[in-house]
1. Suppose we filter ARG328, ARG324, ARG392, ARG332 for residues that are free of Cβ contacts under 8 Å to residues at least 40 places away in the same chain, assigned to a helix (DSSP H, G or I), surrounded by 15 or more Cβ atoms within 10 Å (Cβ to Cβ) and more than 39 Å from the chain's Cα centre (by Cα); which single one remains?
2. Out of everything in the stretch 304-319 that is more than 26 Å from ILE364 (Cβ to Cβ) and at pLDDT below 90, what residue ends up being surrounded by the most Cβ atoms within 10 Å (Cβ to Cβ)?
3. Could you figure out which of (1) surrounded by 17 or more Cβ atoms within 10 Å (Cβ to Cβ); (2) modelled with pLDDT under 90; (3) in a helix (DSSP H, G or I) isn't true of CYS347?
4. Can you find, within the stretch 34-49, the residue that is surrounded by the fewest Cβ atoms within 10 Å (Cβ to Cβ) among those that are more than 28 Å from the chain's Cα centre (by Cα) and not in a loop (DSSP other than H, G, I, E, B)?
5. Tally time: how many residues in the stretch 329-364 are within 18 Å of ASN394 (Cβ to Cβ) and in contact with a helix residue (DSSP H, G or I) (Cβ under 7 Å, 6 or more places away or on another chain)?
6. Would you mind stating whether GLN384 is modelled with pLDDT under 90, over 22 Å from VAL315 (Cα atoms) and either under 44 Å from the mean Cα position of the chain (by Cα) or not assigned by TED's automatic domain parsing to the domain that holds LYS314 (or both)?
7. Taking the condition of being at positive phi and either among the polar types (S, T, N, Q) or in contact with a strand residue (DSSP E or B) (Cβ under 8 Å, 6 or more places away or on another chain) (or both), how many residues in the stretch 73-122 meet it?
8. Does the stretch 254-276 contain any residue that is closer than 23 Å to LYS345 by Cα and of a type in the set (A, V, I, L, M)?
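The values are calculated or read from the model by the stated rules, or taken from the named source; none is laboratory data. Because the structure is a prediction, the values reported are computed rather than measured. Virtual Cβ from ideal backbone geometry, glycine too; neighbours counted across all protein chains shown.
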Amino acid sequence: MDFLESAAVLLPVATGMALTIYDGNPDILTQFEQQYCFISKFQPVYTASGMMALFERGTEQLIYELVDPLGSYLIAAKAGHIWILLGPCVEEGWYEHIARTLLAELGIPEKAISLFKSYRCSLPISKKDYALKIALFLVGELDGKRMERRIKTILVGPKQDETDLVFSSEYGDVSVTNKRYSLEDAFIRSISRGETENAYKAMSGWKNVSSNLTFLSDDLGSQIAGATALRTLVRMGAKLAGLSPVRIDSISQEYAQRMRHTASKKELDYLVMHLIEQICAEIRDMQESNYCPAVRKALDYIDANLSNSVDSAKVAEVLGMDRRLLVRTFSRETGMTVKQYLAKKRCEIAAELLRNSQSSIQNIAAYVGYTDNNYFSKIFKINQGCTPQDYRRNHWPSE
């Protein structure tokens, strides 16, 4: 079972396809039906009773490729007492004219088109041949016998004894969609105000009403996609607050990388919470400062380009602002020129490196943007009160 548990976590991350493992627990089939059966009349094999009927007559010698009238497919295979279900999936993306023609042929009214789109776009796109190869690999690893298995394609027909079209409540309740978007707005507003706790509450509510969406299902790959969606909302809130795009992008890139390579849902939740905390803290700091938006953006740009050649003309150009106006405003609000602020920040970073690393003073000077050691020592002494050599000796006393 260790192999299956690992596959259930890793396969959705690697392929986007859901892997369901049925070991006799009827709740698994009930959950499968609730999540994947859109119209039971046309997808009887996605119902709990339809699955049980397949399992009762199914054999280990076959891999079942089940294709429903709505254009999705499911791969089912047996290994010992276990059935594995790969999918459902679709082979192509959404094309409204094709979907409308399909619904008309099946006698499904136009009013269902938006519900059908929500359902179909929640399914991953994958070619059947690829899914079948994965299924063959899985059952081969499980049974260990490497038996020859034939592929049996079953074109699932509609249930003749079912005349009413009953759509899944997971996709048919418009109020759920409205509530989800309302909570998204509340989340963005909370971020824009730096309100961490309110952002958590809105996020929790959003996840609850969005639980049917593929990117919020239980597999890790979908969870990562959900975290990516939340990261986008965080960026929108931060932008609305007036936080510098440079600063937003710097923080967002860091968390994007860590989220893509997370190893567990627990770690992913931790990263999402800390992203919200950090962005909200940045926004509160910005709101509590006395700097106007232009000066705040100038400071953020300088902070992000400390080792580059930065002057007031470059900052004004980036901000789309008159240079003389920027110089006056910046000096009035910070008490420094752009050049003085740049030197102060460079020397703060240099001091940190002198305290915490054994890098040469020449390398540290180059790192913060000074190619002339003598000039660096002069600027450092103005800002820190002593030369780099003395500063390091004071913090690294000889034993």
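1. Matching residue, one of ARG328, ARG324, ARG392, ARG332: ARG392.
2. Here is the first cut: in the stretch 304-319, the ones more than 26 Å from ILE364 (Cβ to Cβ) are 313, 316-319.
Still in the running and at pLDDT below 90: 318-319.
Values: VAL318: 15, LEU319: 18.
Checking each candidate, the answer is LEU319.
3. (2)
4. To start, the set of residues in the stretch 34-49 that are more than 28 Å from the chain's Cα centre (by Cα) comprises 39-49.
Imposing the further condition that a residue be not in a loop (DSSP other than H, G, I, E, B) reduces the set to 39, 44-46, 48-49.
Values: ILE39: 26, PRO44: 20, VAL45: 22, TYR46: 28, ALA48: 17, SER49: 11.
For the stretch 34-49, the residue satisfying everything is SER49.
5. The initial filter retains those residues of the stretch 329-364 that are within 18 Å of ASN394 (Cβ to Cβ), namely 347-361, 364.
Subset that is in contact with a helix residue (DSSP H, G or I) (Cβ under 7 Å, 6 or more places away or on another chain): 347, 350-351, 353-355, 359, 361, 364.
Within the stretch 329-364, residues that are within 18 Å of ASN394 (Cβ to Cβ) and in contact with a helix residue (DSSP H, G or I) (Cβ under 7 Å, 6 or more places away or on another chain) number 9.
6. On the way: modelled with pLDDT under 90: no; over 22 Å from VAL315 (Cα atoms): yes; either under 44 Å from the mean Cα position of the chain (by Cα) or not assigned by TED's automatic domain parsing to the domain that holds LYS314 (or both): yes.
So GLN384 does not fit the description; no.
7. We begin by selecting, within the stretch 73-122, every residue at positive phi; these are 80, 87, 107.
Applying the additional criterion that residues be either among the polar types (S, T, N, Q) or in contact with a strand residue (DSSP E or B) (Cβ under 8 Å, 6 or more places away or on another chain) (or both) yields 87.
The number of residues fulfilling the criteria is 1.
8. Step one: of the stretch 254-276, the residues closer than 23 Å to LYS345 by Cα are 254.
The next check asks that each one be of a type in the set (A, V, I, L, M); those that pass are none.
No.
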